[in-house]
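Notes follow the structure.
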There are 2 protein chains.
Amino acid sequence: MELNNRKKREKEQRRKAILKAARKQFFERGFKAVTVASIARKAELSKGTVYLYFKSKEEIYAQILLNDIDKFHERTLDVFQKSGIASEMLRHFADVYIDFFLNDRELFRILMIFMLHIDSMKFSEELNKHLIRTTNKTINVIESIFQYGIDKGEFPPDINVRQSRNAIWGLLNGVISLHLFTGKELMREQKIRSSVRVGLDTLIEGLTGVQVMDNKNFSSK
Amino acid sequence: MELNNRKKREKEQRRKAILKAARKQFFERGFKAVTVASIARKAELSKGTVYLYFKSKEEIYAQILLNDIDKFHERTLDVFQKSGIASEMLRHFADVYIDFFLNDRELFRILMIFMLHIDSMKFSEELNKHLIRTTNKTINVIESIFQYGIDKGEFPPDINVRQSRNAIWGLLNGVISLHLFTGKELMREQKIRSSVRVGLDTLIEGLTGVQVMDNKNFSSK
DNA sequence: TGACCTTCGGTCATATACTGACCATAATTC
DNA sequence: GAATTATGGTCAGTATATGACCGAAGGTCA
């Protein structure tokens, strides 16, 4: 049957309600501790109905993670709009990265655990692949920035793009992981930003030999 | 089956959607010209579904009319809150009456036709009874005000309450009908209010012998 | 006038959506 | 390691929605 608008709207509403209820619970209590029944209850649906919209508990989790990461990825694409200078793009990227994960620590924690212990996670092959692919899309943004810097003559043509990308990625994750996993959770946002800024500039200089101009105002939004 | 909240909410939503779609069409094009199919279409439901919520086209119409009148009746009850003086209550009643019908001319038109040509309307006995009963509830508010005036000593005890009530009711309907059914639809709201005011005060004086104080500010909202 | 056509209120068999008791299995308890 | 509990996933049963269909009423035309 041809679905009319109302029906479509209502289906989407149900889907959203399930995802919303699930997201809250997963991020509060972790994948394991949350039951499908409790998701259903919160979404004001029965368990059976949840399974009409998603084929498994894991699929719900997957859609939440992948959707969140996608939203993040989309935001990182802004860096190409805001500036024509590669080093500024990298700074902008770092800002977006920090913003996003400061506002969604649990997602970051999950992804970190995923990346660090990929073998021990018992997600399906399917979800693993998706997560890796989606994560890579984001990592590649960094690579693109370096490539852009080379093309524009801002960076020397002989730098190792791949290695540079990994270094930046590692720096960002390192600082934020430190923040999340050590006892230093209360480290102030501004502190994180400034340590990332310093590390970033140093790293860019080391990788490319380019002296990054000291623009202290840059991070102000 | 025990209906959970979501189900209840959604049922109410459907009902509201049908009534909303129907109300608009009935008041724009009249009872006859509107088809159940078009109501259903506007409410984004099928004709069959409309009949799950209402047992006939007339029942939909009935609920709309009765509900509108009930809302009106409720508002007229305010008169007992706002003042302890019967003549002011009558003025207040007139204000509410005018306000309501200026904002809902079609309902008024329908009721007028109903009252004037009750025999020619082909509503069911059921709806006729309801309409009359509901209308009477409102007329009785006027009667109550007169009774209150007598009890408080504001009006002489020997006035004919029933007759007074009918006179007021007639005055209000007369002025508004004139406005609606003659070519003078563009007569300004303020004009109607002032002609009702003058007529009302004169009528009260004639009926009760009480000189109504000339309080020109009364009607300001 | 009466045969034909159109329209529309109302019905109902079918289709879609939702539910929660149930099942198999894995975790936990004792 | 038997017994109990907890939970992901299934499915037969129920509730809700749909639109093709029917009959009556009114209109049209010869």
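Numbers for the structure displayed
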| quantity | calculated |
| --- | --- |
| Cα-centre dipole for chain A with unit charges at Cβ (Lys and Arg positive, Asp and Glu negative), debye to 20 | 1340 |
| Order of A:His179, A:His130 - criterion: other Cβ atoms within 10 Å of each residue's Cβ, fewest first | A:His130, A:His179 |
| Equivalent-ellipsoid semi-axes of the stretch A:1-93, from the Cα gyration tensor, Å, largest first | 34, 19, 9 |
| Whole-Hz couplings from phi, Karplus 6.51/-1.76/1.60, listed for the stretch B:201-210; x for Gly and Pro | 4, 4, 5, 4, 4, x, 6, 10, x, 8 |
| Signed unit charges on C-beta, dipole axis of chain A, positive-most listed residue A:Ile110, A:Val96, A:Ser164 | A:Ile110 |
| Relative contact order [Cα under 8 Å, 6+ residues apart], chain A, whole percent | 17 |
| Approximate spin-label separation B:Phe181-B:Lys16, in nm, with each point projected 7 Å along Cα-to-Cβ | 3.6 |
| Residue-averaged [θ]222 nm for chain B, counting only DSSP H segments that reach four residues, each worth -39500 (n - 2.57) | -24000 deg cm²/dmol |
| For the stretch A:32-111: relative contact order, % (alpha-carbon pairs under 8 angstrom, 6 or more apart) | 18 |
| Assigned charges on the beta-carbon of Lys, Arg, Asp, Glu; the protein assembly as shown dipole about Cα centre (debye) | 1160 |
| Scattering curve values for the stretch B:1-54, log₁₀ I(q)/I(0), Debye with Cα scatterers, q = 0.30 Å⁻¹ | -1.16 |
| Relative intensity, log₁₀ I(q)/I(0), of chain B from a Debye sum that treats every alpha carbon as a point, q = 0.11, 0.14 Å⁻¹ | -0.65, -0.93 |
| Gap separating the Cα centres of the stretch A:4-36 and the stretch A:48-107, nearest whole Å | 18 |
| Principal semi-axes in Å for the protein assembly as shown [√(5λ), Cα gyration tensor, largest first] | 72, 29, 21 |
| Inter-probe distance in nm under a simple model that places probes 7 Å from Cα toward Cβ, at B:Arg105 and B:Arg162 | 3.6 |
| Top of A:Gln163, A:Gln63, A:Gln190 by mean-square fluctuation, Gaussian network on chain A, Cα under 10 Å | A:Gln190 |
| Sequence of B:Ile69, B:Ile145 once ranked by neighbouring C-beta atoms within 10 Å, starting from the fewest | B:Ile69, B:Ile145 |
| Residue exposure sequence - A:Tyr53, A:Tyr97, B:Tyr51 - by fewest surrounding Cβ within 10 Å | B:Tyr51, A:Tyr53, A:Tyr97 |
| Cβ-based charge dipole, the stretch A:1-54, positive-most Cα from A:Phe26, A:Ser38, A:Thr49 | A:Phe26 |
| Mean separation of Cα contacts under 8 Å, 6 or more apart, over the residue count of the stretch B:1-54: relative contact order % | 31 |
| Net dipole in debye of the stretch B:61-109 [+1 Lys, Arg Cβ; -1 Asp, Glu Cβ; about Cα centre; nearest 20] | 80 |
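Any read-out appearing in this document is the output of simple, stated calculations on the displayed coordinates, not a laboratory observation. Keep in mind that what you see is a predicted model, and the values were worked out from it rather than measured. Virtual Cβ from ideal backbone geometry, glycine too; neighbours counted across all protein chains shown.
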